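Every read-out reported here was derived from the displayed coordinates using simple, explicitly stated rules and does not represent laboratory data. Worth saying up front: this structure is predicted, and the values here are computed from it rather than measured. No Cβ is skipped: glycine too gets one built from the backbone with ideal geometry, and neighbour counts run over all protein chains shown.
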Amino acid sequence: MRILSGMRTTQRLHIGNYFGALVNWVKLQESNQCYFGAMNWHALTDHFKEPELFYTFTREIISDWLAYGIKPEKSVIFVQSKIPELLELNMLFQMITPLGWLDRVTTWKDSIEEMKQKDAHNVGRYTYPVLQTADIAIFKGEGVPVGQDQVPHLEFSRELVRRFNFIYKTKLKEPKPLLTETPAITGLDGRKMSKSYDNFIPLIAEPEEIKALTKKMVTDPKRVRRNDPGNPDVCPVFKLHKLFTQDAERAQIDSDCRSAAIGCGDCKLKLAGNISSFMAEPLEKKRKYLNKPSELDEIIEHGCTKARAEAKKTMDEVRDTLKWQGRV
Ligand code: TRP
Ligand code: SF4
């Protein structure tokens, strides 16, 4: 199955991106042709006042992918803005998109007020899912490993591709989302971990930063004093122990929390330690990439060249089907 996915270049990646999507990317690349894009046009939709986001996090995000095991010799790693053909397909898709379809996309509908406040109630944000559909279709993506939050976009993409194929007799693939076992993870404040809530743990960070972040985490709200017994089932810290702590240690923490044998401070320190061990090797690898800019440049350039060739091919096919090729 052809795989296409991407992440916006708005921030450092966080552990939610890993457990929600990246862990799947790493697995899928073993037996599928994969395309992974740093989506810097999509970053601008609600961040157009920070044009530097176009590049600031691109190398950072790509080095995170590499550090966690995306292999440039297997997968095509590209930057969205290096594929101009995307804009042509995006334009064709826009022609056939009924406004009502965009109005109904929940990620738009539910964020209208927020977008107005951010002064990002704009056409680009509105048509975000159209460009996302072009990203997928131009690389003939069938499987799209993403986090749960992207499911509404992919429903939109399926319908749009179907409509395009119906109207123009093209044979673009209808994409489907591929979710992980933990598609959504809890953030520092107990809400869903998200860039926009600023409640995330970066995917790669120094132990000191991890310690400081876990210290800020909310715990079982009923556990006020050190002697109060706690309930790990409702505690965000414990939810992260489920991802980072070995079974035996976790079982011990579970019972020590319930009997108040362990305090929240120590519990958080254990978590911080385990997260840092998880990140230790990627942290080293990432340093290597960021210290050798030319190697990273080469990987990105190589990926963009490959991706662009594939995008051109698809656009040629589309123009052929529409009987446009070579005509004025
Ligand atoms: N919308 C995705 C996100 O916010 C990023 C994205 C852009 C994407 N284009 C895509 C994901 C194409 C999958 C396929 O995470
Ligand atoms: Fe949560 Fe750990 Fe405190 Fe229990 S001891 S309430 S699991 S932080």
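Of Tyr197, Tyr126, Tyr68, how do they rank once you tally other Cβ atoms within 10 Å and put the fewest first?
With the fewest neighbours first, Tyr197, Tyr126, Tyr68 line up as Tyr197, Tyr126, Tyr68.
Of all alpha-carbon pairs in the chain, indicate the percentage at a distance above 29 angstrom.
Roughly 43 percent, rounded to a whole number.
Over 32 Å between Cα atoms, which of Lys116/Lys173; Lys82/Lys242; Lys118/Lys215; Lys74/Lys268; Lys176/Lys270; Lys176/Lys323 qualify?
Lys116/Lys173; Lys82/Lys242; Lys74/Lys268; Lys176/Lys270
Straight-line reach only, C-alpha to C-alpha below 12 angstrom: list the aspartates and glutamates that Lys169 could link to, leaving out same-chain residues fewer than 8 apart.
Glu317, Asp320
Separation of region 161-197 and region 1-79 by C-alpha centroid, Å?
14 Å
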